[in-house]
Amino acid sequence: MGLFDWFKKQPKKDVLELKKNDRNESIYATLSKLDGKGISQEEAQVIQAEIMELLGNKETNSAINYACKLLTKGHYETCITAFENIMIKEPSKKGTCENQIGAAYFFLGKYPEAIEHYLLALDHCFDLEMLDYNVWEATEAQHRITGDNSYAKTYLERFPTGEPRDNAMKLL
C-alpha cells in the first residue's frame, strides 16, 4: 500500500489535520478535491502573495493549511513554491514543509526529489512513522520504474527497523 492508497482510504472530503506532540508536527490531507485544472501564472502569484500575507501576520498554520490545499487540488509546483516560502519565513516549520514538498514531488512522479525532501524532513524531526512510509513508497516507485536499488540502501540506512525492511532487503 502506497501513500496514494492511504490518501484514497481517507474520508472523501477536503480535510486537513495538523497533529502536534512534543517533538513532531504532521499534516495529513485527503486528495478527494483534485479538480484536474491547472492554474495560471497570475493565479499562482496571487496564491503566493496570500500565503506571504498570512506569514507576515504570523498566521503560520493558516499559511501551511493553504499550501496543503494546493497539494490536495493537484497544484504541485505552486505547492512546492509555497512551502519553500514558508520555510524561509518560519524555519521552525522546516520538517513539515520538507515533507509536503516531498509529497508534491511524489505526485509529480519525481521520486528521487521526493526522497530527498522526505529525508530533509527527517533531519528536522518530522513524524518518523510517516516518513518511514513516505520514503519507502517513493523508493519502491523509483525501483519499479528504473530498477535502481540505491534508494533501498538509503532507506535501510535511515530506517533500519522500518516496517518494509524485508521488502527493501529484497531489492538489494
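Remarks
- Flagged links, alpha-carbon separation over 32 Å, of K89/K170; K89/K110; K93/K170: K89/K170; K93/K170
- Kirkwood-based Rg to Rh ratio, the stretch 110-166, C-alpha trace: 0.93
- R0 of 41 Å, Cβ-Cβ distance S92-I145: FRET efficiency to nearest 0.05: 0.70
- Neighbour-count ranking [beta-carbon atoms within 10 angstrom, fewest first] of Y66, Y155: Y66, Y155
Bear in mind these aren't lab numbers, they're just calculated from the coordinates by the rules spelled out. Since the structure is predicted, the reported quantities are computational estimates derived from the model, not experimental observations. Backbone-built Cβ (ideal geometry, glycine too); neighbour counts: all protein chains shown.
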